Structure formats: structure tokens, C-alpha cells
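Input: a single structure, listed below in C-alpha cells.
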């Protein structure tokens, strides 16, 4: 028995069989957009109450980072297993069509 790979068989590149869905590709945009909206809201509140631009920019930046981290942690914790995915497919296609 030889441990060397077959020279006729070409190795597949890493990740060649997995193609992420459109929703998976747009998830970072959702996270950044959501944290941006929250940060702008907090920034406007701070600007209207204190009228200090530096304090507004600092609070907006801190809020952006905190919300981005919290949303990313929630997204990482909400992974679907195969049973949940199959159940969602049955709910979306009750006739069995794909």
C-alpha cells in the first residue's frame, strides 16, 4: 500500500464544493447596517442633548462597535442543524417541490 496520492487524480481546491447562499453572503452587510443605524441613533441623541461634537463622535464609535459585536455573537449562536433546515424546507415547500 502506498500513501502517496494518485497522480492522475487532481485535488479539489479548498471550499470547492460549498457555495454560500445569497443570504449567507449578505449577512455581514446586515450586521454592519444594523450597528450603523443604532450608532447613528445614539449619536443624534447625544448631539441633541450635549451639543458637543467630540463626545458625539466618541459615543457613536463606541456604540457602533458594541452593537456590531453583540449582533455578531447572536448570529454565531443561532446556527441551524440539519433537522431545523429540513423542517424549514418542508414549511416553505409544503407540496414537496424544490
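The values are calculated or read from the model by the stated rules, or taken from the named source; none is laboratory data. Owing to the predicted nature of the structure, the values given are computational and were not obtained by experimental measurement. Here Cβ is always computed from backbone atoms with ideal geometry, including for glycine, and neighbour counts include all displayed protein chains.
One residue stands out in the stretch 1-42 among those that are within 20 Å of the chain's Cα centre (by Cα), exposed (fewer than 10 other Cβ atoms within 10 Å of the Cβ) and assigned to a loop (DSSP other than H, G, I, E, B): the one that is modelled with the lowest pLDDT, namely 15. Residue 47 meets each of the listed conditions (1) within 24 Å of residue 23 (Cβ to Cβ); (2) touching a helix residue (DSSP H, G or I) at 6+ places or on another chain (Cβ under 7 Å); (3) without any contact (Cβ under 8 Å) to a residue 40 or more places away in the chain apart from (1). Residues in the stretch 67-84 that are farther than 13 Å from residue 33 by Cα and in contact with a helix residue (DSSP H, G or I) (Cβ under 8 Å, 6 or more places away or on another chain): 75, 80.
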